[in-house]
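The values are calculated or read from the model by the stated rules, or taken from the named source; none is laboratory data. Only a predicted model underlies this, so the values are computations on that prediction, with no experimental measurement involved. Neighbour counts are summed over all protein chains in view; Cβ atoms, including those assigned to glycine, are modelled from backbone coordinates with ideal geometry. For the accessible areas, the whole protein counts, side chains as well, though only heavy atoms, and no ligand, DNA or RNA atoms are used. Shrake-Rupley method; radii C 1.70, N 1.55, O 1.52, S 1.80 Å.
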Amino acid sequence: PRVCVVGSGPAGFYTAQHLLKHHGGALVDIYEKLPVPFGLVRFGVAPDHPEVKNVISTFRQTARSERCAFYGNVTVGRDVTVPELQRAYHAVVLSYGAEDSRVLGIPGENLPGVYSARAFVGWYNGLPENRDLKPDLSCETALILGHGNVALDIARILLSPLQLLRKTDITDSSLAALACSKVKRVWLVGRRGPLQVAFTIKELREMINLPGARAVLDPADFTGLENAVKDAPRPRKRLTELMIKTALEKPVEVQAAAAGAAAPREWGLKFQRSPQEVLPSADGRRARGVRMALTRLEGSGDCAKAIPTGDVEELECGLVLSSIGYRSLPLDPAVPFDSQRGVIPNSSGRVRGVPGLYCSGWVKRGPTGVIITTMNDSFDTAQSVLEDLQGGVLDMSPSREGFGLVESILRSRGVRPVSFSDWEKIDAAEVARGRAAGKPREKIVDPAEMLQVIGH
């Protein structure tokens, strides 16, 4: 059987890995729109979390299998359509993730100074489409809307001492911009309360221990929570206890303050506030703050809903980052898409109403969870493909020649795919550039330059 996987992030690679491992004869081709693989492992994971990128060694093993091929620089839906892939392969798995952001849907969200978390993360991680973002970091206060791990990542990058970031694979240009940043205070704002935050204890602890940055948590936000969290699941309990402990600790008066040095950087969590409007500066040219509705909670635990109380509050800030979630987009008119939920309608990864078409990862279940969640989800989809291969559900006609057919389509459209060994040349060039700067790698952020490196 010839199977093709669209997207080379964790969902695509884990799907391919499971198929190759559990079917001794399957041939798997992975298509990727960029010349470089690994999706959010490369472009989403924070530069100061290199251990999370260790999964790449597993993906590399999969890509080097003689039954697997990687074709980068191919945009499915434009360079080759999904129906064309379906004619070339016995099964097609869509694992292309979430390449857009949820919008706030409030006035002023398009003002200069307002950015999506996705674009900001893409900027400091070298995602080609965000390389020219040039975020304005000339203000002292930044406001991040959202209480997830991505929100904490951004806060940490904004407040990290430069010497910590210099040792990472953060891009050169974003490092230069952060070196000139005036941001010294970051507020993370959420609609619900401390018991509903979505970040995990590891990320919170890292933020609390960040050198040169002080946590500002209001003890009033945590009154009575010890009792409320007594019977909560252990991760939630430990997370809440850490927030309570941090809120109640008296800040250590920094000796430096006595010597007249500037106050350290600070960050804090604000709860039960829902953004209503991004407020424009007097000349209307940029953001100067956010007006927020104060909320009360109805219900408890993860199901609690935030209801506006009628009271509002304004928070001054020159930088607004919206971290309320990524969003998948439809890929091809031939593929059913639920635009309400931002997913491809499916059951166990089988696309509804289209035999032989599957999906895995965020486009299957929505943009939630960590790499391990995506791994299990992708194994589940791959299992559905294997069951359908064994159960005779799929048209196994020998005329489906896989990449042979796709190659002639791509050639006729002037598209030259990038192979995995091409990627390894780009990889080596990045590592060499990084070594010169004392970093693990210096990412090439321009696709044209990537293709130049491999003589395309």
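At a glance:
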{"quantity": "Residue pairs meeting the criteria (Cβ under 8 Å; at least 6 apart or on separate chains; first farther than 20 Å from residue 162 by Cα and touching a residue at least 12 places away in the same chain (Cβ under 8 Å), in segment 41-58; second of a type in the set (Phe, Trp, Tyr) and assigned to a loop (DSSP other than H, G, I, E, B))", "calculated": "56/38"}
{"quantity": "Members of segment 208-219 found to be open to solvent by 20 Å² or more (accessible area, probe 1.4 Å) and under 22 Å from residue 49 (Cα atoms), listed by number", "calculated": "208, 209, 211, 212, 214, 215"}
{"quantity": "Scan of segment 304-325 for residues that are at pLDDT below 95 and under 24 Å from the mean Cα position of the chain (by Cα), ordered by number", "calculated": "324, 325"}
{"quantity": "Filter pass, residue 82 being surrounded by 24 or more Cβ atoms within 10 Å (Cβ to Cβ), over 24 Å from residue 123 (Cβ atoms) and in contact (Cβ under 8 Å) with a residue 40 or more places away in the chain", "calculated": "no"}
{"quantity": "Close pairs (8 angstrom Cβ cut-off, 6 or more residues apart or separate chains): within 25 Å of residue 240 (Cβ to Cβ) in segment 302-321, exposed (fewer than 12 other Cβ atoms within 10 Å of the Cβ) anywhere", "calculated": "304/298; 305/298; 305/299; 307/298"}
{"quantity": "Qualifying position, being buried (at least 17 other Cβ atoms within 10 Å of the Cβ), outside the structural domain of residue 37 (by the TED database) and in contact with a Ser or Thr (Cβ under 8 Å, 6 or more places away or on another chain), among 185, 156", "calculated": "185"}
{"quantity": "Any hit, segment 70-81, residues being over 25 Å from residue 183 (Cα atoms), under 22 Å from the mean Cα position of the chain (by Cα) and in the same structural domain as residue 207 (by the TED database)", "calculated": "no"}
{"quantity": "Residue 149 being more than 30 Å from residue 4 (Cβ to Cβ) and open to solvent by 10 Å² or more (accessible area, probe 1.4 Å)", "calculated": "yes"}
{"quantity": "Residue in segment 197-207 that is within 21 Å of residue 304 (Cα to Cα), in contact with a helix residue (DSSP H, G or I) (Cβ under 9 Å, 6 or more places away or on another chain) and open to solvent by 50 Å² or more (accessible area, probe 1.4 Å) present", "calculated": "yes"}
{"quantity": "Residue ID - farthest from residue 207 (Cα to Cα), chosen from residues in segment 46-69 that are of a type in the set (Asp, Glu) and under 20 Å from the mean Cα position of the chain (by Cα)", "calculated": "51"}
{"quantity": "Elements of type helices (runs of 4 or more DSSP H) contained in segment 88-196, each with 2 or more residues being within 22 Å of residue 288 (Cα to Cα) and not aromatic (Phe, Trp, Tyr)", "calculated": "117-124, 149-159, 172-179"}
{"quantity": "Residue among 220, 228, 179, 155 that alone is free of Cβ contacts under 8 Å to residues at least 24 places away in the same chain and touching a Leu at 6+ places or on another chain (Cβ under 7 Å)", "calculated": "179"}
{"quantity": "Residue match in segment 237-253 (condition: at pLDDT 95 or above, within 19 Å of residue 148 (Cβ to Cβ), part of a helix (DSSP H, G or I) and within 24 Å of the chain's Cα centre (by Cα))", "calculated": "yes"}
{"quantity": "Residues satisfying the stated conditions in segment 57-79, i.e. open to solvent by 30 Å² or more (accessible area, probe 1.4 Å), within 19 Å of residue 21 (Cβ to Cβ) and of a type outside the set (Ser, Thr, Tyr)", "calculated": "60, 61, 64, 66, 67"}
{"quantity": "Residue 402, sole failed condition from (1) modelled with pLDDT of 95 or more; (2) under 28 Å from the mean Cα position of the chain (by Cα)", "calculated": "(2)"}
{"quantity": "Members of segment 259-275 that are part of a strand (DSSP E or B) and over 25 Å from the mean Cα position of the chain (by Cα)", "calculated": "265"}
